[in-house]
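One structure is given here, and the rest of the page talks about it.
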Amino acid sequence: MSPTVADRPGTPERAAPSPMLQRLAAERATGALMRDRGTLYLADGQVVHAESPATPGIDVLLTTGGALRSEGWWDAVAQAGAGQRVARYLVDSGRVPGGALELCHLGALYDAAFFALAPTHTPARFRYGVSHWIGTVRPVPVHAVQRETLRRRELLDRIWPDALTDSAPLAPTAHAADAPVPARQRHVLALVDGERTATDIARHLGRSAFHTLVDLRRLAAAGLVEAVRPAASGSASASGHSRITLPEVTNDPDVALLRRLRDALEAL
């Protein structure tokens, strides 16, 4: 069997964010599934870890949340990283209770998997035999990871169906809140400055990136934040002719309708 397998890009299936991942589960494969926005690590066909640049890692969640001091984390990496037993070392050394580590790792795994399994046109690759230095905490069946990923996508779309909020810099609007903003959302809103993205805010707070997306989409639906869209290029072309600016067009009628409704309500 080849040491790497490539998954061809295509239209994502609603019932299977990654058909390749399903095949690897059926094969009981061990290795790393590398996709455009993250990597899933499998052992015997189950997901044992996930990483994504869009999410805070388990180290950030543990240390920012106060469950572990930063020096304790780096000591565990130094002592047990080469043997791929960092998680076991944290528990055995008494730095983190086993239950707390399991919950934190599970949250980080689902968080990163949500982004790693995002629709993409970039081929995925699987490297057999690769394992992560953190070691195994609690394996999760592939069908559970894919089901949770779909549930999270549907939840975000129900709240506010404009995915640009998830990746673009975010800015506060001048719209006044129609109802009191919950404390959790206030902490997120306080970090919206026109430059930070959802990932930046999640890392600053040491929170799940997905739950930060939920808060930001709710704030967007309430008209309190908006995505900063790329600025148009120069107003005139090199030949000196005026450049015609066309109105924004979206292929998603739900997003367009929501924006029109919001603008109409603000004009009242």
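The values are calculated or read from the model by the stated rules, or taken from the named source; none is laboratory data. Note that this is a predicted model, so its numbers are computed, not measured. All Cβ positions, glycine included, derive from the backbone under ideal geometry; neighbour counts span all protein chains shown. Heads up: the accessible areas ignore ligands, DNA and RNA and are worked out on the full protein's heavy atoms, side chains in. Shrake-Rupley method; radii C 1.70, N 1.55, O 1.52, S 1.80 Å.
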field: Which numbered condition residue 125 misses (of (1) free of Cβ contacts under 8 Å to residues at least 60 places away in the same chain; (2) surrounded by fewer than 18 Cβ atoms within 10 Å (Cβ to Cβ); (3) not in a helix (DSSP H, G or I))
entry: (1)
message: Please determine whether any residue of region 164-175 is more than 28 Å from residue 30 (Cβ to Cβ), of a type in the set (Val, Ile, Thr) and open to solvent by 20 Å² or more (accessible area, probe 1.4 Å).
response: yes
- request: Kindly indicate which of 184, 217, 207 is open to solvent by less than 30 Å² (accessible area, probe 1.4 Å), charged (D, E, K, R) and at pLDDT 55 or above.
  value: 217
message: Any residue at all in region 97-113 that's over 25 Å from the mean Cα position of the chain (by Cα), more than 14 Å from residue 49 (Cβ to Cβ) and either open to solvent by 60 Å² or more (accessible area, probe 1.4 Å) or in contact (Cβ under 8 Å) with a residue 24 or more places away in the chain (or both)?
response: yes
message: If residue 207 meets every condition in (1) farther than 30 Å from residue 32 by Cβ; (2) part of a loop (DSSP other than H, G, I, E, B) apart from one, which number is that one?
response: (1)
- request: Check 150, 156 and return the single one that is in contact (Cβ under 8 Å) with a residue 12 or more places away in the chain and more than 26 Å from residue 64 (Cβ to Cβ).
  value: 150
query: Listed residues 33, 40, 68, 61; which is within 17 Å of residue 108 (Cα to Cα), surrounded by 20 or more Cβ atoms within 10 Å (Cβ to Cβ), at pLDDT below 90 and under 22 Å from the mean Cα position of the chain (by Cα)?
result: 61
message: So in region 132-162, with the set limited to residues that are open to solvent by 60 Å² or more (accessible area, probe 1.4 Å) and more than 14 Å from residue 210 (Cα to Cα), which one is nearest to the chain's Cα centre (by Cα)?
response: 147
